[in-house]
């Protein structure tokens, strides 16, 4: 088996004290950080991603791309993933959870419409890629990229 | 995510890589048979997850494409799940998280200046740039992070789950890495959205979680360094696929694999994937940039602000109503007290301040939440007021608000900040009297200060 070299040890020598410093800070400022709640969010973020977010996005991407010609599967899957990311990021803005009626300068944008425009751009690019692949496949001007 | 590229490399991986590179054109053979299962240990329960998106010509027909063998927990035919894709994304993430970490620590130092580092007053727009960079880069990191986790996802299912104490430690360190990184992104976005569905105080928790995450990044860089060098270095070799299996996985995907080796991803396919990730990152960053990056406001989907929308053309963070100061700020008996280490304590009415020498400065106001705008402020120099009160040269000042509570009811000016020519007690904004939401009757405004330290609705200056 290949010897790992000094990098893993160096990584631990640098990383472990930095992690410990951060953990100490979280505990030392417990009145602000509420370590139990913070831990719940940190661990929860990983679990929700691994067990919910990614499987669901993959399932949707596969369901939508599987019936399509091969050249369209990659672009469509990618567009599904990009759409999911954009919608997730925009969600709290579009829902205006943080709005303050006394402060009309806050959350002033129509995030739903703006994000819909971004999603339209994503799908336009995906369609353009598929059309270009199809064209190349027909005319033989380039390799058939599936 | 638990697993790192290369952890499953058993004996003969390099040979497998070389062979695979030379024989990638080999046609698909029969489907995976019992031999592969025997080579990778007992078969485990069927996939809870569908095959990965983006599958290509190895898309499952004929059994030629599985990233893992038949012993795999989950089949991942998408060939973007390889070490080189992971390493390229890893480098981009390393740079992006480093930028966010450095700018985040700077923001922390600006808000809580330690004795050993006086926070400079120049350049006046420095904090505007560092904090804008922090927020916009952070948003851009979201697609990069999610793409990296998808590429490495097969390793989540690696068997055996733990091979040794060192391997266990590596996998354990992935929880602070992945959970920490996702926490920083999620909490940062929700802070910009002003939504706090948790009990902790955001800035402190975000700050300390960043140290934990960066430490975990250092560990991860160390454990993946050799793989990254092998697939990105000058004498690089073809990358192995990230497959779920443990030892033997590389061989299982390699030339001895029944049905032929799994073909490596074509460079064009990887470029297309990375371009899509980069494009999405750019869109998400653009979505957040409009509150601070010049020229992006019209194209920005979810930035918290428009730079010039608000009373007197400037956004508001804390309102007078929210701060509970409306009555005190509009009281005719209001006075600004100058007390502490001074020869002549002062008690000044608004008219007294208006008769003092007036100074104007063009200064940005910058919020930690990633918006900023430049404005024309008019008022009295803090330095002039200190001189009038007979403060010693080099005095520092605590500036206190009418607010009765809250973390930001007071802020400090060190000696350099207090004597800066543009550190003002502002009475006017963009040519008219200060709006009450901007801090009427008088507020502090100084160069290169976080917005929360530009204290509003002043009551008193305590000289030290």
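Read the figures in this text as sums done on the coordinates, not as results from a lab. Everything numeric in this text was worked out from a predicted model, so none of it was measured. All Cβ positions, even for glycine, are placed from backbone atoms using ideal geometry, and neighbour counts span all protein chains on display.
Observations on the model:
- Per-peptide packing, taken as the mean over residues of other Cβ atoms within 10 Å, places B:433-443, A:49-59 in the sequence B:433-443, A:49-59 from highest down.
- Inter-label distance, nm, simple model (7 Å from Cα along the C-beta direction), residue B:164/residue B:335: 7.6 nm
- Segment residue A:16-residue A:66, extension gain: residue separation times 0.36 nm, minus the distance between their alpha carbons: 13.6 nm
- Two-site FRET efficiency, residue A:59 against residue B:236, from Cβ-Cβ distance with R₀ of 41 Å, rounded to 0.05: 0.75
- Three-way shape call for segment A:1-82 based on the alpha-carbon gyration tensor, with the a/c threshold at 1.5: oblate
- Once the C-beta distance of residue A:138 and residue A:116 is scaled by a Förster radius of 45 Å, the resulting FRET efficiency is 0.85 to the nearest 0.05.
- Cα convex hull of segment B:324-464, projected area averaged across orientations, nm²: 7.7 nm²
- q = 0.15, 0.17, 0.27 Å⁻¹, segment B:308-363: log10 I(q)/I(0) [Debye, one scatterer per Cα]: -0.73, -0.90, -1.06
- Kirkwood hydrodynamic radius of chain A, Cα pairs, Å: 20.1 Å
- For segment B:421-447 and segment B:282-307, distance of Cα centres in Å: 26 Å
- Multiplying the residue separation of residue B:347 and residue B:175 by 0.36 nm and subtracting their alpha-carbon distance yields 56.2 nm.
- Using the rule -39500 (n - 2.57) for each DSSP H run of four or more residues, divided by the residues of chain A, the 222 nm mean residue ellipticity is -25000 deg cm²/dmol.
- Separation between Cα centres of segment B:197-218 and segment A:45-67, rounded to whole Å: 27 Å
- Relative intensity of segment B:148-251 on a log10 scale, I(q)/I(0) at q = 0.10, 0.19 Å⁻¹, equals -0.39, -1.04, per a Debye sum over C-alpha point scatterers of equal strength in the absence of solvent.
- Cut-off 19 Å, label 7 Å out along Cα→Cβ of residue B:387, residues of segment B:352-377 by amide N: B:352-361
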